[in-house]
Amino acid sequence: MTHLDILTFARGSALNWALMVFVAGVTLRLFEILGFGRKADLAKPRAPRVGSGWRTMFTRSLPEPGILRRDPVTYISGYVFHSGLFLSLFFFGPHIAFFRSMTGLSWPGLPTALTDAAAVAAIVALVVLLAHRLNNPVKRMLSGIGDYVAWTATLLPLLTGYMAYHHLLIEYTLMLALHLFSVELLLVVLPFSKLLHSFTLFISRWYNGDAFARKGVAS
Amino acid sequence: MKQAAPPDTIPGTVGEGLAQHGISRRDFLQFCTSLAAMLALPPAMASVMAEAISRAKRQSVIWLSFQECTGCTESITRSHSPTLESLMFDMISLDYHHTLQAASGEAAEHARMQAMKDNEGKYLVIVDGSIPMGNPGYSAIAGISNHDMLVETAKGAAAIVAVGTCAAHGGIPHADPNPTGAVPVSEIVKDKPIINVPGCPPIPVVMTGVLAHFLTFGGIPELDDLGRPKSFYGDTIHDRCYRRPFYDQGKFAETFDDEGARQGWCLFKLGCKGPVTYNACATAKWNDGTSFPIQSGHGCIGCSEPNFWDAGPFYKPLSTPVSATPAMLAAAAAAGVAAGVAITWHNRSTKARANAEHAKVTTQDLKREEK
């Protein structure tokens, strides 16, 4: 089996199954979560709640006063990681081609120097966050195997993508195949791990914002 | 205007052949300089190469054509007019070649046997085309199957050059479902050095460079793990492509006739396989250095890579799925919805059952306990 054969398998059957598990898994989990429902709140709202849920979806991305002093590592690294991942995932030309093939949507990309820098920033931030998780006694105690699996599944696509682009360690075609395999691992793990927050994040923020507004603390 | 022939022309040598064709020492040195550069040799090696080649006896070559389209021969004889191919044929004694030889039938086979006998252990075998391992009748010459002819001819060869993707990797005949059971040379000959020069067709100067290396150094050039000369197949087309800066700037042609295509932007999104194709097209180019497919506005199809024919559609970008479709994802989403509904029903049933089984405590009960 040549490197090109491995790449063809990674782009073919392996990717098909990973994408199907991903789509079915995310749909299933969202149905499961939303299907639980909530008990009707019969109390009279304390304050008008119009738009509070929607506002909270965005205001929760802004720094809470004092958080930079309390936990600068988590806050800054978290921000850098998510920004780096967002830029390298959605603005690298070949990635845009992937999204276009699946959705028909396309948008302008960024120069590879920028997406490359974003990927490096995301990788560094992930390493810092892991070191912090291991060194901070509270974080370490709260961490379970799921946290480390999620960290690994997130790091691998970034790392292999960076190494493929820079032709590091092994031959490009094989590294590109490894990059795709790592993406497929992420696609399979995502719906059944904490990484599902990439979908549930805004739902839970809306719910919290709306519920708090009823209690008189609208955002 | 051709200059005087090289002074040191020894009968039977390449030098004599060059002199007979009126090729000057200056022309020949120029040719060797370009070859040395192609082979990644130091510039000083050009004169060494010229000296060695002109003194070398014309190399006996037996060219075997099996399951092929004659594109490889066409490529070598019809490009770089008039110097390269004529120089190559001046360097060698082409003792057997179906397409180019005048003899036919028994006489042609006799020429092959005679060359094998006269140059035992020294002749080069060039193969283009794959070898069918199914019914021998799929491809036979003078009643001899391709397999038997290759085994017989390779026995006394110094080395074998597998020219073209069919001979090097199986090529199009080897593509799924491979009806003739086609295999490359390397799956049959195991005891001789094999130089793979893949490409559909291969670049002529690569062929000439391999021969020049053999004549100069008496051996084969450094090969990679797929048996290809590293000097020609060491880099991907993408890494040497003149459109690479556009890739780095994020500028891509989205269709073959959009503004990006007219501006000469990167063809990655139109399915170019340059990033995973190792060949010298972007540097050596074709037709006397005139152009190569990407320069002509079409992406690389990766024709020099093993199994390129089965490596997904030519017009799908490398970063996209080979066969996944939105319909497939819609089916997966439908399955997810069905499973989600089933789980929700199960969860709600469990909750309802728990509620039903829950023993209600009234204020009366609490008051009774207080007493």
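The values are calculated or read from the model by the stated rules, or taken from the named source; none is laboratory data. Everything numeric here is computed off the predicted structure, so don't read it as measured data. Glycine gets a Cβ as well: all are built from the backbone with ideal geometry, and neighbour counts include every protein chain shown.
For this structure, a couple of remarks:
- B:Phe232 satisfies every condition listed in (1) in a helix (DSSP H, G or I); (2) within 12 Å of another protein chain (Cβ to nearest Cβ); (3) closer than 30 Å to B:Leu35 by Cβ except (2).
- Checked against (1) facing chain B (nearest Cβ under 9 Å); (2) touching a residue at least 40 places away in the same chain (Cβ under 8 Å); (3) among the small types (Gly, Ala, Ser), A:Ala121 passes all but condition (1).
- Residues that are among the aromatic types (Phe, Trp, Tyr) and in a helix (DSSP H, G or I) were ranked within the range B:235-247; the one that is surrounded by the fewest Cβ atoms within 10 Å (Cβ to Cβ) is B:Phe246.
- Elements of the type helices (runs of 4 or more DSSP H) sitting completely within the range B:276-371 and holding at least 3 residues that are in contact (Cβ under 8 Å) with a residue 24 or more places away in the chain and either out of contact with any Cys (no Cβ under 7 Å at 6 or more places or on another chain) or more than 7 Å from chain A (Cβ to nearest Cβ) (or both): these cover B:281-284.
- Selection of the range A:70-99 for residues being aromatic (Phe, Trp, Tyr) and assigned to a helix (DSSP H, G or I) yields A:Tyr75, A:Tyr79, A:Phe81, A:Phe86, A:Phe90, A:Phe98, A:Phe99.
- The one condition from (1) over 27 Å from B:Phe246 (Cα atoms); (2) of a type outside the set (Lys, Arg); (3) surrounded by fewer than 17 Cβ atoms within 10 Å (Cβ to Cβ) that A:His167 does not meet is (1).
- Single residue of the range B:253-275 satisfying the filter (over 24 Å from A:Leu4 (Cβ atoms) and of a type in the set (Phe, Trp, Tyr)) that is farthest from the other protein chains (Cβ to nearest Cβ): B:Phe256
- Boolean, B:Ala157 is in contact (Cβ under 8 Å) with a residue 24 or more places away in the chain and touching a Phe, Trp or Tyr at 6+ places or on another chain (Cβ under 9 Å): yes
- A:Leu134 vs. criteria in contact (Cβ under 8 Å) with a residue 60 or more places away in the chain, more than 27 Å from B:Cys266 (Cα to Cα) and not basic (Lys, Arg): no
- Candidates B:Val127, B:Val189 - the one that is of a type in the set (A, V, I, L, M) and either over 28 Å from B:Cys281 (Cβ atoms) or not in a loop (DSSP other than H, G, I, E, B) (or both): B:Val127
- Some residue of the range A:159-174 being under 21 Å from A:Ala24 (Cα atoms), within 17 Å of the chain's Cα centre (by Cα) and part of a helix (DSSP H, G or I): no
- Apart from one condition, B:Met207 fits all of (1) more than 10 Å from every other protein chain (Cβ to nearest Cβ); (2) over 23 Å from the mean Cα position of the chain (by Cα); (3) part of a helix (DSSP H, G or I); the exception is (2).
- Restricting attention to the range A:90-103 and to residues that are facing chain B (nearest Cβ under 8 Å) and either farther than 20 Å from B:Pro275 by Cβ or in contact with a strand residue (DSSP E or B) (Cβ under 7 Å, 6 or more places away or on another chain) (or both), the residue that is surrounded by the most Cβ atoms within 10 Å (Cβ to Cβ) turns out to be A:Gly93.
- Test: residue in the range B:357-366 that is among the acidic types (Asp, Glu) and either touching a Gly at 6+ places or on another chain (Cβ under 8 Å) or under 30 Å from B:Gly181 (Cβ atoms) (or both): no
- Residue tally, condition closer than 30 Å to A:Val189 by Cα, away from chain B (no Cβ under 14 Å) and assigned to a loop (DSSP other than H, G, I, E, B), over the range A:24-64: 4
- Residue check, A:Thr173 surrounded by 16 or more Cβ atoms within 10 Å (Cβ to Cβ), of a type in the set (Ser, Thr, Tyr) and either in contact with an Asp or Glu (Cβ under 6 Å, 6 or more places away or on another chain) or at positive phi (or both): no
- Sole exception among (1) within 14 Å of chain B (Cβ to nearest Cβ); (2) in contact (Cβ under 8 Å) with a residue 24 or more places away in the chain; (3) crowded, with 18+ Cβ neighbours inside 10 Å for A:Leu85, by number: (1)
Yes/no matrix, rows are residues, columns are (1) among the hydrophobic types (A, V, I, L, M, F, W, C); (2) in a strand (DSSP E or B); (3) modelled with pLDDT of 75 or more:
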residue: B:Ser60; (1), (2), (3): no, yes, yes
residue: B:Leu64; (1), (2), (3): yes, yes, yes
residue: B:Ile76; (1), (2), (3): yes, no, yes
residue: B:His80; (1), (2), (3): no, no, no
residue: B:Ser86; (1), (2), (3): no, no, no
residue: B:Leu94; (1), (2), (3): yes, yes, yes
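- Here B:Gly250 fulfils each of the conditions (1) buried (at least 19 other Cβ atoms within 10 Å of the Cβ); (2) within 14 Å of another protein chain (Cβ to nearest Cβ); (3) at pLDDT 95 or above apart from (3).
- Qualifying residue in the range B:225-234 (condition: among the aromatic types (Phe, Trp, Tyr), touching a residue at least 12 places away in the same chain (Cβ under 8 Å) and over 25 Å from B:Gly71 (Cα atoms)): no
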